[in-house]
1. Inspect all residues belonging to region 67-86 and state whether any of them is outside any loop (DSSP other than H, G, I, E, B), out of contact with any Cys (no Cβ under 6 Å at 6 or more places or on another chain) and more than 24 Å from ARG164 (Cα to Cα).
2. Which condition number does ARG88 fail, the rest of (1) over 13 Å from the mean Cα position of the chain (by Cα); (2) surrounded by fewer than 17 Cβ atoms within 10 Å (Cβ to Cβ) being met?
3. Does region 96-120 hold any residues that are within 18 Å of LEU140 (Cβ to Cβ) and at pLDDT 85 or above, and which are they?
4. Quick one: would you say ARG88 is within 24 Å of GLY34 (Cβ to Cβ) and of a type outside the set (A, V, I, L, M)?
5. Condition check: part of a loop (DSSP other than H, G, I, E, B) and in the same structural domain as LEU19 (by TED's automatic domain parsing). Does ILE49 satisfy that?
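The values are calculated or read from the model by the stated rules, or taken from the named source; none is laboratory data. No experiment lies behind these values; they were computed from the predicted model shown. Using ideal geometry, Cβ is built from the backbone for each residue, glycine included, and neighbour counts are taken over all protein chains shown.
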Amino acid sequence: MEVKTHRYAGLARRAGHELKEFAVISLYLYVCFGAILLYKSSVLEARDITYAPYGVAAIRALILAKFMLIGHAANLGERYGQRPLIYRVLHKSVVFVVFLVVLLVIEEAVSGLIQGRTVVESMRTIAGGTWFQILATSLLLWLILLPYFAVRHIDQVLGEGNLRRMFFVDPACPDQNVRPPVARA
């Protein structure tokens, strides 16, 4: 009985960690997408065109955050574990952009089929529909993922949680000081 209780406690702790990570990624993506949409709507407003689909940005952020958690669980982009940090960040961000774009295409195709559209019609709704717009959107997504992975890798190098404590914990409180980084082999 005690083993089951321990297993459920571990599962609950892991689920809580995953939910927190999902919330943080979703919020980060929503803020980034919201900033892009704010810029886009301000440019279009100058031409007397109203555009403000912030709900779409929230849904897209939630979907991409879930896809990113799947990518993390699958250890995508872990190829350069012993290389300098810049290689790991660049490689992982590129791998994740490709992964996310592929999953978004699949998601849009399935969604379109459910709604009675053909796959070709569904592809036209992705990032405006032209290859140039899809490429530009992918580049923006890569630029959004670069700082995310940089911060994530720096946190791993410092020891998980130390970067957060450096930013958010009062350094004058001695029992909350940052632990020294763990030596890597």
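1. no
2. (2)
3. Selection gives PHE96, VAL97, VAL98, PHE99, LEU100, VAL101, VAL102, LEU103.
4. Here the answer is no, as ARG88 does not meet what is asked.
5. Answer is yes for this residue.
Residues are listed down the side, and each one gets a yes or a no for (1) surrounded by 15 or more Cβ atoms within 10 Å (Cβ to Cβ); (2) more than 21 Å from TYR80 (Cβ to Cβ):
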{"site": "GLU107", "(1), (2)": "yes, yes"}
{"site": "LEU113", "(1), (2)": "no, yes"}
{"site": "GLY116", "(1), (2)": "no, yes"}
{"site": "VAL119", "(1), (2)": "no, yes"}
{"site": "SER122", "(1), (2)": "yes, yes"}
{"site": "TRP131", "(1), (2)": "no, yes"}
{"site": "TRP142", "(1), (2)": "yes, no"}
{"site": "ALA150", "(1), (2)": "yes, no"}
{"site": "ASP155", "(1), (2)": "yes, no"}
